[in-house]
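Here is the structure we will look at, set down as structure tokens.
The values are calculated or read from the model by the stated rules, or taken from the named source; none is laboratory data. Please read these numbers as outputs of a predicted model, since none were measured by experiment. Cβ placement follows ideal geometry from the backbone for every residue including glycine, while neighbour counts extend to all protein chains displayed. Each accessible area value is taken on the protein alone, full model and side chains, heavy atoms only, with ligands, DNA and RNA left out. Shrake-Rupley method; radii C 1.70, N 1.55, O 1.52, S 1.80 Å.
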Amino acid sequence: MKILEIIENVELLLVNLEVNLGSQKRSSPTLCVRYKGKIIPLNTAHDGRPILMNEDNAIESDQN
């Protein structure tokens, strides 16, 4: 592995994220980052698998 860049102005968050799985709703603590005012999950809420930080996965939040 090789570090290409250290990203500045990123805040790590642990959020209680709710997801819809078919007709069920589930929630789980999920590791996220706040980046450019957006909250981006770093792992999936339903099974905890890591995912890449991608702004396309950003979640709108009314909480600061």
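Under the combined filter of DSSP loop state and at most 12 neighbouring Cβ atoms within 10 Å, the chain retains these trypsin sites (Lys or Arg not before Pro): LYS2, LYS36.
If r is the Cβ-Cβ distance from GLU55 to SER23 and R0 is 35 Å, what FRET efficiency results, to the nearest 0.05? After rounding, the FRET efficiency stands at 0.75.
For the chain, GluC sites (Glu not before Pro) are listed when DSSP marks them as loop and at most 16 other Cβ atoms sit within 10 Å of their Cβ; the list is GLU5, GLU8, GLU60. Specify which labelled value, from (i) 23, 15, 9; (ii) 32, 10, 6; (iii) 20, 13, 11, agrees with semi-axes √(5λ) of the Cα gyration tensor in Å derived from the coordinates of the model shown. Calculated semi-axes √(5λ) of the Cα gyration tensor in Å: the matching label is (i). Surface composition of the chain: carbon and sulfur atoms hold 49% of the protein heavy-atom accessible area at a 1.4 Å probe.
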